[in-house]
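Provided herewith is a single structure, encoded as structure tokens, for subsequent inquiry.
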Amino acid sequence: MNKEQQLLRKKSPVQIKNKKAAFEYFLVETFMAGIVLTGTEIKSIRMGKASLVDTYCLIINGEMWVRGMSISPYFYGSYSNHEMKRDRKLLLTKREIHRLQEATKQPGFTIIPTLIFIDKNGRAKVDIALAKGKKMFDKRQTLKEKEDRREMDRARKNF
């Protein structure tokens, strides 16, 4: 991921994060993917009404899909409002999909969405990560490091 892409994510008015992802998994490699949405879904995302809790990606017939992503129905939507939890197609190149497919054949690896944001053209993008599950002692180590950082920041502010 280059600096331009990182800057794009920071400037986005909408940033819906999967906060548990970094705690539950080691994020090995990240990719940016487009997402196929209906009209009311993009409006709900722009209002920040989406959740990445318990979501994952899978590859079916050479296409990447995200499963379990929750986008609340649009408040002003009519009878044509969207389903809250449905499978949504992700847009990646064939080379990236093939690379991810080969990586997930190894035990312990999975693909998870980590962030939804709006790019400068107004389109919704999803950051997905190739991830390896953490063991319980890894999670305890992560918590300890987080607590140590917090303590050092507190000490620095009081100094």
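The values are calculated or read from the model by the stated rules, or taken from the named source; none is laboratory data. Just so it is clear, the structure is predicted and the values come from calculations on it, not from any experiment. Note: areas computed on protein heavy atoms with side chains; ligands, DNA, RNA excluded. Shrake-Rupley method; radii C 1.70, N 1.55, O 1.52, S 1.80 Å.
Out of (1) within 21 Å of the chain's Cα centre (by Cα); (2) open to solvent by 60 Å² or more (accessible area, probe 1.4 Å), the odd one out for ASP148 is which?
(1)
Give the residues of the stretch 110-139 that are of a type in the set (A, V, I, L, M, F, W, C), in a strand (DSSP E or B) and farther than 27 Å from THR38 by Cα, sorted by residue number.
Within the stretch 110-139, just ALA131 meets the criteria.
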